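The values are calculated or read from the model by the stated rules, or taken from the named source; none is laboratory data. Predicted model only: the values in this text are computed from it and were never measured. Note that each Cβ is placed from the backbone with ideal geometry, even for glycine, and that neighbours are counted across all protein chains shown. Remember, those area values only see protein heavy atoms, side chains included, never the ligands or the DNA or RNA. Shrake-Rupley method; radii C 1.70, N 1.55, O 1.52, S 1.80 Å.
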Number of protein chains: 2
Amino acid sequence: MIGLQDIYDAHHRIRDYALWTPVMTSSTIDKLTDSQVFFKCENFQRAGAFKFRGALNTLTQLTQEERDRGVIAHSSGNHAQAVALAASLSGMKATIVMPKNSPKVKVDATRGYGAEIVFCENSIESRVQVANQLIEKHDYVLIHPYNDERIIAGAGTAALELIEEVKELDYIFAPVGGGGLLSGTSITTKGLCTGAKVIGVEPKNADDAYRSFRDGRIYPSINPNTIADGLRTQLGEITFRIIRKNVDSIITVSEKEIVNAMRLLWERMKILVEPSGAVSLAGTIKMNDSFSGKRVGVIISGGNIDLSEFFSKYS
Amino acid sequence: MIGLQDIYDAHHRIRDYALWTPVMTSSTIDKLTDSQVFFKCENFQRAGAFKFRGALNTLTQLTQEERDRGVIAHSSGNHAQAVALAASLSGMKATIVMPKNSPKVKVDATRGYGAEIVFCENSIESRVQVANQLIEKHDYVLIHPYNDERIIAGAGTAALELIEEVKELDYIFAPVGGGGLLSGTSITTKGLCTGAKVIGVEPKNADDAYRSFRDGRIYPSINPNTIADGLRTQLGEITFRIIRKNVDSIITVSEKEIVNAMRLLWERMKILVEPSGAVSLAGTIKMNDSFSGKRVGVIISGGNIDLSEFFSKYS
């Protein structure tokens with residue numbers, strides 16, 4: 001199992017290209033939660049989410065033979081853009097399989113980073129099938145979105161920067177979907193702030209990680225209906241093992257709590273956060289009775305959201 | 001006429017309460033404009049806009065007799081919230097006259113800062129009339145939104161922080177409505193970066209400042225139709241005098257250019273900026289042919305925008 005040193009190594013590897021994102025605070029939210037909340041704003045990360053850290057950490061470790069083959073990922077979301085940008089910066093060819101109903105803004109961004117896009121049907125099965133066909137034909141290297149120690153170590157560098165900047169924390173909250181961010185965060189936090197509690201937050205409507213953590217076995221995520229589109233995936237073997245070891249608790253939040261948290265971040269902090277990225281604040285607000293006066297880290301995972309409907313009223 | 005020393009004095013006066021807002025950059029926008037753009041993000045300022053700087057600088061200079069009388073402002077926008085918060089922090093009573101069609105989020109925020117709100121009809125005339133009646137009755141001290149040297153000196157502290165942080169600039173762009181921000185910015189910039197050009201940017205649909213600057217006389221702003229609601233006002237005698245002396249050029253941008261700039265800030269930089277706040281970037285993009293490779297400061301004036309329609313789809 002990877003440890004704190006792997007997070008440091010990842011940070012060293014990515015630091016020339018990944019942003020050291022700002023830590024932000026809000027007196028409104030401090031008052032609301034009666035605590036000191038430090039937001040690690042990965043919505044400001046390149047390609048709009050923490051995913052870039054793991055993608056870059058993985059791609060920079062490929063062998064020359066793997067680099068020559070090129071990489072592939074299947075994703076409708078932030079992993080697609082992260083792999084596309086990381087490949088472009090590392091001088092590699094990237095192919096991204098995307099569902100044909102993907103928002104135009106994400107398709108444009110992924111293509112803008114220089115990746116080749118192959119469209120598939122709108123199901124996970126189709127994504128996997130099309131990707132496998134391409135791998136068979138072209139021998140591309142598959143970059144998994146979370147169940148890979150290099151991806152996890154990259155994800156853990158966000159908490160590393162947060163803790164280096166604000167020092168001691170009593171709690172840290174991160175969203176959980178496939179578990180890459182939560183497992184990476186947990187390794188960093190338990191390594192640097194021994195006493196801090198690590199809390200994963202998940203939409204109630206996609207509570208497979210909550211149940212998996214409770215029952216000690218991975219449950220599948222079956223057609224979850226949540227606006228937090230980045231958290232619809234299920235845990236992987238590797239992320240689950242790390243989470244069981246390091247995470248103190250996984251809690252769930254309702255769709256309404258997610259929207260309220262997102263709205264607070266937009267209206268009061270003036271930062272654009274996607275629903276999945278606001279889930280960790282929703283959990284913080286839900287649990288704040290238990291930590292009056294404490295120092296709380298909250299990972300805002302990403303800010304990629306389709307705004308075409310909002311801006312259509314102006315055109 | 002006030003000068004650089006007044007800006008320094010204002011900065012000293014407000015620094016315990018006003019935020020030193022972050023300077024942000026974007027590789028996407030640098031590439032787009034072929035220059036180095038430094039955004040001074042006053043959308044992150046307390047009460048959501050640069051207005052807090054001027055309000056606080058003014059209120060902290062009131063005499064004890066004026067403090068005891070209490071302050072009044074009439075505003076449908078950011079000045080209302082700025083005066084309300086500055087009064088609350090300075091332990092003064094504030095009364096704000098707001099049009100009855102003001103967005104709920106602005107009314108709530110103003111009330112949340114502890115001000116008393118008096119509603120009026122939806123015209124400028126009604127705002128002035130109701131405010132005057134209240135002043136006559138209660139002897140409140142009127143805080144003008146821009147035509148006041150203390151307000152202008154406060155507004156100029158944003159550029160002061162920007163230049164102290166990024167040092168030399170070749171250009172600086174600020175939106176112009178009543179001219180408080182532009183005049184304050186121009187004093188700071190001409191004082192610290194002698195060679196820098198100061199450009200005011202105005203909506204084409206509210207081009208009274210453009211014409212006033214060109215013709216050397218103040219034109220009124222008559223029912224301008226622009227989404228940049230903070231820029232519908234006309235210049236004041238004091239702001240106009242400073243602008244004529246210090247500003248190099250005032251340019252205008254279309255509604256479409258404003259929306260495109262706002263969308264870039266939201267989608268690519270993940271920051272929430274109101275239309276008035278995006279006008280300065282719209283001007284930068286419009287003029288960028290003339291400054292390849294230059295260092296450009298852009299003041300993002302505020303981030304207060306009514307999001308209830310956007311969030312209604314989630315409820």
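Residues that are within 14 Å of chain A (Cβ to nearest Cβ) and not polar (S, T, N, Q) were ranked within region B:213-252; the one that is farthest from A:Phe311 (Cα to Cα) is B:Asp229.
Taken together, B:Ser315, B:Ser221, B:Ser292, B:Ser249 contain a single residue that is more than 25 Å from B:Leu19 (Cβ to Cβ) and outside the structural domain of B:Thr194 (by TED's automatic domain parsing), which is B:Ser315. Condition check for B:Gly179 on (1) on the phi > 0 side of the Ramachandran plot; (2) small (Gly, Ala, Ser); (3) surrounded by fewer than 24 Cβ atoms within 10 Å (Cβ to Cβ): one failure, at (3). Of everything in region B:150-165, what is out of contact with any Leu (no Cβ under 6 Å at 6 or more places or on another chain) and either open to solvent by less than 20 Å² (accessible area, probe 1.4 Å) or without any contact (Cβ under 8 Å) to a residue 60 or more places away in the chain (or both)? Give them in sequence order. Matches in region B:150-165: B:Ile151, B:Ile152, B:Ala153, B:Gly154, B:Gly156, B:Thr157, B:Ala158, B:Ala159, B:Leu160, B:Glu161, B:Leu162, B:Glu164.
Which condition from (1) out of contact with any strand residue (DSSP E or B) (no Cβ under 7 Å at 6 or more places or on another chain); (2) open to solvent by less than 10 Å² (accessible area, probe 1.4 Å); (3) over 20 Å from A:Lys167 (Cα atoms) is the one that A:Ile2 breaks? Status for A:Ile2: all satisfied but (2). Among residues of region A:261-278 that are over 16 Å from A:Val37 (Cα atoms) and more than 9 Å from chain B (Cβ to nearest Cβ), those with a beta-carbon under 8 Å from a residue that is part of a helix (DSSP H, G or I) and modelled with pLDDT of 95 or more at least six positions away or on a different chain give the pairs A:Glu274/A:Asn43; A:Glu274/A:Met262.
Counting only strands (runs of 3 or more DSSP E) wholly contained in region A:35-149, the ones carrying 3 or more residues that are open to solvent by less than 70 Å² (accessible area, probe 1.4 Å) and away from every other protein chain (no Cβ under 14 Å) occupy A:71-74, A:94-99, A:116-120.
In summary, helices (runs of 4 or more DSSP H) completely within region A:202-315 and bearing 3 or more residues that are open to solvent by less than 50 Å² (accessible area, probe 1.4 Å) and among the small types (Gly, Ala, Ser) occur at A:275-287.
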